[in-house]
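The values are calculated or read from the model by the stated rules, or taken from the named source; none is laboratory data. Everything quoted here is computed from the prediction, not taken from an experiment. Cβ placement follows ideal geometry from the backbone for every residue including glycine, while neighbour counts extend to all protein chains displayed. Areas reflect the complete protein model, heavy atoms only, side chains present, ligands, DNA and RNA absent. Shrake-Rupley method; radii C 1.70, N 1.55, O 1.52, S 1.80 Å.
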Amino acid sequence: MATTSETGHAVNVKNFFNLVNFCKGFGTQYQPSKVSIQIPALENTYQQAKEAIDEIIRQTTAYNIVINERALLFKDNRTLSTRLINAFEMTDAPDATKKDVKGFNRKLQGKKASAVKETDSTIDGLNAEAPKTISSSQTSFNQQVEHLKALVTVLESEPSYVPNEVDLKVSTLKNLISQQDSANEQVAIVYTALSNARLKRDRILYGEETGLYNISLDIKKYVKAVFGASSPEYKQVTGVSIKDFKKK
């Protein structure tokens, strides 16, 4: 499920919309001299924030698609590696070479990529986030490809390794490695787009002076100055909660 801070970004935008509507409802009594809290500027800020949240949803969806596609490509790596070791045992390769192959197999049988939780997010309206970092999972998947490459290089160098099973042939393995390499690259590309979308969202929502959060504080200060701290108007705007999740 999405965390509180992840959900909070979208809630902030929804609440800002309510805050702007309260300001509109004050009519001619709401006439700030500060441009950033004048109605046209507020409407523009809201629109930018809404678009930023929508972009996060699009990029998160794209990210989840590519990691799910990658998971399918990698899911049988360990089983495949075991089969390759057994097939290689039937060759005329020297014991030292067979030992090398077993070493690569042990590496492939190590940390499971599936243990890395990549899809810990949900797409639910505006409440969408992907993991904050893919460094550990990306390393795991990249290492799997490198170990498989090394294993296949040894298999290819052994003349007596001529399996009849198509999925154990060197040509098939090379094609799989190519697909896995491409999948890793695609995940990195899509994640970069998602990360950039987050940066843009944070600037719009929490940027100094111009961010939605700070603008909401200025609105409340202005309403307090115009209507008074005990006025129903001020209670209206202070009842709208907008939090600074950039600090989280």
**Request:** Please name all residue pairs, on different chains or six or more residues apart, with Cβ atoms under 6 Å, provided the first residue is in the range 183-199 and is within 17 Å of K50 (Cα to Cα) and the second residue is surrounded by 14 or more Cβ atoms within 10 Å (Cβ to Cβ) and not hydrophobic (A, V, I, L, M, F, W, C).
**Result:** L194/Q59; L194/Y63; A197/E55; A197/Q59
**Prompt:** Pairs under 9 Å by beta carbon, first residue touching a residue at least 24 places away in the same chain (Cβ under 8 Å) and in a loop (DSSP other than H, G, I, E, B) in the range 219-243, partner surrounded by fewer than 15 Cβ atoms within 10 Å (Cβ to Cβ) and not polar (S, T, N, Q), six or more apart or different chains?
**Reply:** I242/L217
**Fill in**
Residue pairs within 6 Å by beta carbon, gap of at least six or interchain, first lying in the range 30-57 and more than 14 Å from K220 (Cα to Cα), second open to solvent by 80 Å² or more (accessible area, probe 1.4 Å), listed first then second, are A41/V35; Y46/F17; A52/K200
**Request:** For the range 222-248, enumerate the residues that are within 16 Å of Q38 (Cα to Cα) and in contact with a Phe, Trp or Tyr (Cβ under 7 Å, 6 or more places away or on another chain).
**Result:** V223, K224, V237
**Item:** Conditions (1) open to solvent by 60 Å² or more (accessible area, probe 1.4 Å); (2) at pLDDT below 95; (3) in a helix (DSSP H, G or I): number failed by M1
**Value:** (3)
**Asked** Out of the residues in the range 27-42 that are of a type in the set (S, T, N, Q) and surrounded by 14 or more Cβ atoms within 10 Å (Cβ to Cβ), which is nearest to N214 (Cα to Cα)?
**Response** S36
**Asked** Condition test on K24, is it under 30 Å from V237 (Cβ atoms), free of Cβ contacts under 8 Å to residues at least 40 places away in the same chain and either open to solvent by 80 Å² or more (accessible area, probe 1.4 Å) or part of a helix (DSSP H, G or I) (or both)?
**Response** yes
**Prompt:** Filtering the range 141-178 down to residues that are open to solvent by less than 80 Å² (accessible area, probe 1.4 Å) and of a type in the set (K, R), which residue is farthest from I67 (Cα to Cα)?
**Reply:** K169
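Kindly check whether there is at least one residue in the range 41-48 that is over 30 Å from I204 (Cβ atoms) and touching a Phe, Trp or Tyr at 6+ places or on another chain (Cβ under 7 Å). Outline the logic, then answer.
Going through the range 41-48, the residues over 30 Å from I204 (Cβ atoms) turn out to be none.
Within the range 41-48, not a single residue is over 30 Å from I204 (Cβ atoms) and touching a Phe, Trp or Tyr at 6+ places or on another chain (Cβ under 7 Å).
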**Message:** I need the full set of residues from the range 228-248 which are open to solvent by 40 Å² or more (accessible area, probe 1.4 Å) and either more than 16 Å from K14 (Cα to Cα) or β-branched (V, I, T) (or both), in order please.
**Reply:** A229, S230, P232, E233, Y234, K235, T238, K246, K247, K248
**Prompt:** Out of curiosity, is P40 outside any helix (DSSP H, G or I) and modelled with pLDDT of 95 or more?
**Reply:** no
**Request:** Among the residues of the range 71-100, count how many are loosely packed, with under 12 Cβ neighbours inside 10 Å, free of Cβ contacts under 8 Å to residues at least 40 places away in the same chain and not basic (K, R).
**Result:** 8
**Complete:** Pairing a residue in the range 204-215 that is over 14 Å from F17 (Cβ atoms) with any residue that is among the hydroxyl-bearing types (S, T, Y) and open to solvent by 40 Å² or more (accessible area, probe 1.4 Å), where Cβ atoms lie under 8 Å and the two sit 6 or more apart in sequence or on different chains, gives Y206/Y213
